[in-house]
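Nothing in this text is a laboratory measurement; each read-out follows from the coordinates by a stated rule. Computed from a predicted model, the values in this text were never measured in an experiment. Neighbour counts run over all protein chains shown; Cβ positions are idealised from the backbone, glycine included.
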Amino acid sequence: MPNWTDTPTPRRGPRPLPIMRTPVGKPLVATITTDRMSCCPTHFWGGRTTPCEKPDCDACNHGSPSREHAYLGIYFIDQQASAILELPDGAAEQLALLAKNLPTLRGARIRVTRTKLSRNARVCVELAPPAINPPPLPTPPQLREILAIIWKLPQAAITEEKADMRQNTIRLDAIIMAKRNGKPTPSATPNVQP
Ligand SMILES: [Zn+2]
């Protein structure tokens, strides 16, 4: 029998958000919702972006170069849509410089563009401080938890499944570890190396 209810079952874990990279040929303009960046060295490994997990990193052990990326929560006010913005290392450094006198990034408007019509072209960042009367913003996303799920880290699987029986959690973790050590797992989002 179906288990009908009048209301949706509350989601377990953080609400998933898409990861966005700077588009080619047009600017991306949004309002930042997180207080600061979250920066992490990553690899393009197994056909997708994964975090570097030094000192025990499969990608490093196979000679894959790592590159730092920065992640921010962003909000598109007109569309009332949230996302995670991924910035390459140079753009993150530029943002850090622009924001050095701001107590928080939350509420600031970011505009990112590529300097050429190529998806690997350098990313240029502009930042406008928060407006005096800023529009209401959604609560900041649980950025690192969401990325852990997108990156399919075993810990995320454990957190997601913590309400389940421990035996089931261990089984799920073992499946993910087996996938990570064997064939690459499919990405949760379209993932191209910027
Ligand atoms: Zn690594």
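A simple rule links phi to the HN-Hα coupling: the Karplus curve 6.51 cos²θ - 1.76 cosθ + 1.60 with θ = phi - 60°, which for region 107-113 gives x, 6, 9, 10, 10, 10, 9 Hz, with x for Gly and Pro. Using only the C-alpha atoms, the convex hull of region 19-140 corresponds to 121 Å³ per residue. Other residues lying with their Cβ under 13 Å from the Cβ of CYS39 contribute a combined charge of -1, Lys and Arg counting +1, Asp and Glu -1. Between ARG12 and LYS100, the C-beta separation translates, for a Förster distance of 35 Å, into a calculated FRET efficiency of about 0.35.
Using the Cα centre of region 87-137 as the reference point, and only Cβ charges (+1 on K/R, -1 on D/E), how large is the resulting charge dipole? Debye, rounded to the nearest 20.
Numbers: 8 positive and 3 negative charges, 39 e Å.
Around 180 debye, computed over region 87-137.
When only Cα pairs below 8 angstrom with a gap of at least 6 residues are kept, region 19-140 shows a relative contact order of 34 percent. Across the options LEU117, SER82, THR31, the greatest Cα extent toward the positive end of the charge dipole of region 19-140 (unit charges at beta carbon of Lys, Arg, Asp, Glu) belongs to LEU117.
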